[in-house]
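Peer 1: Once you've had a glance at the structure underneath, I'll fire off some questions.
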Amino acid sequence: MLYYLYELNHAALKPFRDAAGLGKKVFDSKLNPLAYTYPGKIIGATCDLFESMTRRYGKPEFGLNQTKINGQPVAIEEEVVWSKPFANLVHFKRKEEDMLKAYGKEHVDPRLVIVAPLSGHYATLLRGTVEAFLPEHEVYITDWTDARDVPLYKGDFNLNDYVDYVIEILEHVGPDAHILAICQPGPPVLAAVSLMSQNNNPCLPSSMTIMGSPIDTRRSPTVPNDLAKKRPLSWFENNVIYSVPMPHSGAFRRVYPGFLQLSGFISMNSELHLDAHQKYFNHLVEGDCDSVAKHRQFYDEYLSVLDLTQEFYLQTIDEVFQKHSLAVGKFYHHGQRVDPAAITKVALMTVEGENDDISGIGQTQAAHDLCINIPQDKQFDYIQPGVGHYGVFNGKRFRTEIQPRLRDFIRSNFDVKKELDFQKMQKEELEKSRSKSAA
């Protein structure tokens, strides 16, 4: 019922939102003499603030059309290379001709699969993460689908399906790639690599990096961890799960709505967000365009959220935050017990933020205690001073201090000859496929 009320409220506000949008344009027009007066600026800022706070934010674009390598511009093309109902794998393909100009010869870089969190925001939240890796890596990212857009006949999606998706993605990208799990994906990625090791899957990655992730939330528990722990699973099912209303494609699917998740995000730092919007209003009145643009850029992304399927959300609460199944050796995948100790050939790096209030210090490091058979010289742990959860994967310190360490770790586990052989094999298979199609 709450989801229907949310939609009704959004529809009821539409006339006022449209009026505010019109007012914003009128009082932002250089042709309107009132726009230059203080009352006019107040009215324009009020209209802008109301419109921005009541509209629905759709899925943002990555917008990464170019990177620079050795000072040379290299064009980027986004292509979906693997697809399932609840996720696509996006490849940020760097133009070969531009690559040749930048290096002056044939060049290969590590294939990096970034597993974006499925915890409310779209994968575009990691735009800065992707951008930082593009010059020196062949980057792929999981682009999760809003559950309210997936029709019921497409089936369910739970935590075990998530693990299956990760395994299939690594099989598609090919052996000796590198995988990076940011926040929520830590447990399913660790489970996927463990299962691939247990089953001698030939497409094992060369390295696995886990950042700010709830591998074992018994360590340094945070407010969200305590909330998930102190309430029974039935409470979450009865209080935060609702049916998607018509006319969405996923109508009647049971989900944890994005707007509820967003409410939780904002309530954790409500004073900070109120202050940000107060400053935004003042900057609009003052005509501080740079500050206004930065606010819009951040909140256009932050306020864009997606729904999670009921089965995925509840199983994650149960297995990860309440039972700690993977951490205590009791997580099962289609009847097979997941054993991280089976990992022997995949290098492991963990990264945490000193001030992380989502995944406390030690929660990600727990991966090292589970992966006991990875050689010590293949394990690396890093704690970044002075950053919170978001700063672990984005922002200035990520670009200048964390990403260079990730790059060096990946490079230390990168075999250029193997990669050249793999690229050669791929080109040969592509040529054979084209020949068959032409015939």
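Just so it is clear, none of the values below were taken in a lab; they were calculated from the coordinates. Predicted model, so just to flag it, every value in this text is computed and none were measured. Glycine also receives a Cβ, built like all others from the backbone with ideal geometry; neighbour counts cover every protein chain displayed.
Peer 1: Can you tell me which of 100-113, 248-261 comes out highest on packing, and rank the rest after it, using the mean Cβ neighbours within 10 Å?
Peer 2: Details: 100-113: 16.8, 248-261: 19.3.
Going by the mean number of other Cβ atoms within 10 Å, highest first, we get 248-261, 100-113.
Peer 1: Also, quick follow-up: Normalise the Debye intensity by I(0) for segment 76-171, one equal point scatterer per Cα, no solvent, then take log10 at q = 0.20 Å⁻¹ and round to two decimals.
Peer 2: Scattering profile of segment 76-171, log10 relative to I(0): -1.01.
Peer 1: Follow-up. If I stretch the segment between residue 65 and residue 79 completely, what's the gain in nm (0.36 nm per residue apart, minus their alpha carbon distance), one decimal?
Peer 2: On the way: separation 14, 0.36 × 14 = 5.04 nm, distance 1.18 nm.
Roughly 3.9 nm would be gained on extension.
Peer 1: Could you give the radius of gyration (one decimal) and Dmax (whole number) of the Cα atoms in segment 383-424, in Å?
Peer 2: 14.4, 44
Peer 1: Distance cut-off 18 Å, Cα to Cα: go down the list 59/396; 378/424; 101/432; 345/378 and report the pairs above it.
Peer 2: From 59/396; 378/424; 101/432; 345/378, over 18 Å: 59/396; 378/424; 101/432.
Peer 1: Rg to Rh for segment 329-439: what is it, with Cα atoms only and Rh by Kirkwood?
Peer 2: Rounded to two decimals, Rg/Rh equals 1.13.
Peer 1: Expressed in nm to one decimal, what extension gain is obtained for the pair residue 12 and residue 96 from 0.36 nm per residue of sequence separation less their Cα-Cα distance?
Peer 2: On the way: separation 84, 0.36 × 84 = 30.24 nm, distance 5.08 nm.
Between residue 12 and residue 96, full extension yields an extra 25.2 nm.
Peer 1: Using alpha-carbon pairs under 8 Å, 6+ residues apart, how would you state the relative contact order of segment 317-364 in percent?
Peer 2: Numbers: 20 pairs, mean separation 8.7, N = 48.
About 18 percent, as a whole number.
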